[in-house]
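Quick note: the coordinates plus some simple rules give every number you see, no bench work behind them. Computed from a prediction, not measured in an experiment: that's the story for all the values here. So basically every Cβ, Gly included, is an ideal-geometry build from the backbone, and we count neighbours across all protein chains shown.
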Amino acid sequence: MKQVRTYIRDSLQGIYAPGEISALTRIICRDLLNVDEVSLYLDKDINLSDTMQRILDDTMNRLRRYEPIQYICGSTEFLGRSFRVTPAVLIPRPETEELVERILKENPPAGRLLDVGTGSGCIAVSLAAQWPQTEVYAWDISTEALRVAAENATRQQANVSFSLQDVFDPAVASPASLDILVSNPPYIAESEKSGMEPNVLGWEPSQALFVPDTDPLRFYRRIAEIGRSLLVAGGKVYVEINRAYGKETACLFESFGYHSIRILPDLSGNDRIVTAIWK
């Protein structure tokens, strides 16, 4: 292992921080080179085949171009489940795990649930897997994202109805009688790009990340609007938000007639989730 660790460290030094290199080394050895946990723990010497060496060389080249390791591996973990990810979808974040965990903790299994902007399907598939009797629907504007999400549903044996749907289409009319409407929509303002990492800016889908500075709450406004016709009385909205717009997002839902609105922090203490109840 020492040889492999040294090769990875020397290849990535100056590009990634030491702690990041250590984490990447573990992922590469475990998920790409198929080194078992015991060998990793004991730091056993391993001999790489020509094929494995080519995989390692290719991985170093891709990491030096800031390609996320999740895309290189083709999968990532979300709430203990393995989800396929490609550059067509966002890489699921821990904050989104918190969103799903909160829904599961605060509600009995819903009758009907809709995930707007499903991406990899991590929200919809996780909820459907936990609540097999729930009718789970998921929308996205990207055909390729829906392919990835459908594959993840199959992987997890979760029943989700996926639809190609633009949330801003005025013809949106179904599914009605929803108990829960959930979304992790684009919420990063264009002006925030300068502070972002190159592995995000250069690789993850921009249409799933960014909103114009002139209208940073555009998705929440539309979600609040369609929720009035899709949610049952007492139906709930759960949305992940930009930490800079917690109060503004809460006020927006209040202006649409929702009540019992909460702004909830993530594990880092940042405003990250807004919940609201219709009627």
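Take each peptide in 123-132, 82-91, count the other Cβ atoms within 10 Å of every residue, and average; sorted highest first, the result is 123-132, 82-91. For the chain, the mean residue ellipticity at 222 nm estimated from helices alone is -11500 deg cm²/dmol, where every DSSP H run of n ≥ 4 contributes -39500 (n - 2.57) and the total is divided by all residues, rounded to the nearest 500.
Local charge for Asp215 was computed over the other residues whose Cβ lies under 13 Å away, with Lys and Arg +1 and Asp and Glu -1, and equals 0. Inter-label distance, Glu144 to Leu164: 1.4 nm, where each label sits 7 Å from its Cα along the C-beta direction.
For region 12-144, averaging the sequence separation of C-alpha pairs within contact (under 8 Å, six or more residues apart) and dividing by the residue count gives a relative contact order of 16 percent. Over the chain, Cα pairs under 8 Å with separation of 6+ residues give a relative contact order of 14 percent.
Between Ser177 and Thr6, full extension at 0.36 nm per residue minus the direct alpha carbon distance yields a gain of 55.8 nm. A Förster radius of 30 Å, combined with the Cβ-Cβ distance separating Thr154 from Asn34, puts the computed FRET efficiency at roughly 0.80. Charge dipole (Cα centre; +1 on Lys/Arg Cβ, -1 on Asp/Glu Cβ; no other charges) of region 146-279 amounts to roughly 420 debye. Could you compute the FRET efficiency for Gln13 and Ser206, with r as their C-beta to C-beta distance and R0 at 30 Å, rounded to 0.05? That gives a FRET efficiency of 0.50.
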